[in-house]
Amino acid sequence: MDLSYFRGLFDFHYWARDRVLAAVAGLSAEQYAQPLGGSFGSVRDTLNHTYGAEVLWLRRWHGESPVGFPQALPPTADALAEAWRAQEQQMRAYLEALAEDDLHRVIGYRNLAGVPGESRLWEMLAHVVNHATYHRGQVTTLLRLLGAAPPVGTDLIAYYRSSGASPTS
């Protein structure tokens, strides 16, 4: 396990995010916010949850313990895409500044309920990517419920095949 592996996972993460954002861009404002059930109810709320969680984890890695999601989550798909791309730049800067030894560093934090926790950084990095993958699947289902086209394949193997990337390069 090395930094290039995790940087590659985040390359995949943002590649897949962009495919979902492209699929969502065709929704009307009403469809984007329409309650459909599921974990967070709407496409908007599911994507905002995924984005907000990424923001929280990065803040934790910088030594903060936020007690809630960002106050003003983006209300539209365009606003979310813009905010998430800015977040991506912060995440990539963080990943680029890491040293190999940092992956095994244990980081303590408080979760949103105030309960203390700690994990190795590599575990948290993997979690952010896995968490987003889980919710991308939910968004795909919500898009189908709306009668909209789902995103073009977002599987990790599809990323490797389309980009020529490998998990260790």
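If we scan the range 117-125, do we find a residue that is at positive phi and outside any helix (DSSP H, G or I)?
First, the residues of the range 117-125 that are at positive phi: none.
No, every residue in the range 117-125 fails to be at positive phi and outside any helix (DSSP H, G or I).
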Over the range 57-89, the set of residues in contact (Cβ under 8 Å) with a residue 24 or more places away in the chain and within 13 Å of the chain's Cα centre (by Cα) is W57, L58, L80, A81, A83, W84, Q87, E88
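Scan the range 76-108 for residues that are part of a loop (DSSP other than H, G, I, E, B) and under 21 Å from L125 (Cβ atoms) and report the count. Even if it seems obvious, please write down each step before you answer.
Narrowing the range 76-108 to residues part of a loop (DSSP other than H, G, I, E, B): 76, 98-99, 105.
In the following step, the residues that additionally are under 21 Å from L125 (Cβ atoms) were identified as 98-99, 105.
Number of matching residues: 3.
Which residues, taken from the range 50-75, are part of a helix (DSSP H, G or I) and closer than 23 Å to G147 by Cβ? Talk me through it step by step, then tell me what you get.
Going residue by residue through the range 50-75, those that are part of a helix (DSSP H, G or I) are 50-61.
Listed by number, the list holds a single entry, T50.
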All-but-one check, A22 against (1) modelled with pLDDT of 95 or more; (2) crowded, with 16+ Cβ neighbours inside 10 Å, failing number (2)
If I filter the range 90-114 down to residues being in contact (Cβ under 8 Å) with a residue 60 or more places away in the chain and under 30 Å from A33 (Cβ atoms), which single residue comes out as nearest to the chain's Cα centre (by Cα)? M91
Test set (1) surrounded by fewer than 18 Cβ atoms within 10 Å (Cβ to Cβ); (2) out of contact with any Phe, Trp or Tyr (no Cβ under 9 Å at 6 or more places or on another chain); (3) among the aliphatic types (A, V, I, L, M) - A53 fails condition number: (2)
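The values are calculated or read from the model by the stated rules, or taken from the named source; none is laboratory data. Every value quoted in this text rests on a predicted model; they were computed, and no experiment measured them. Because the Cβ atoms are built from the backbone with ideal geometry, glycine has one as well, and the counts that use them run over all protein chains shown.
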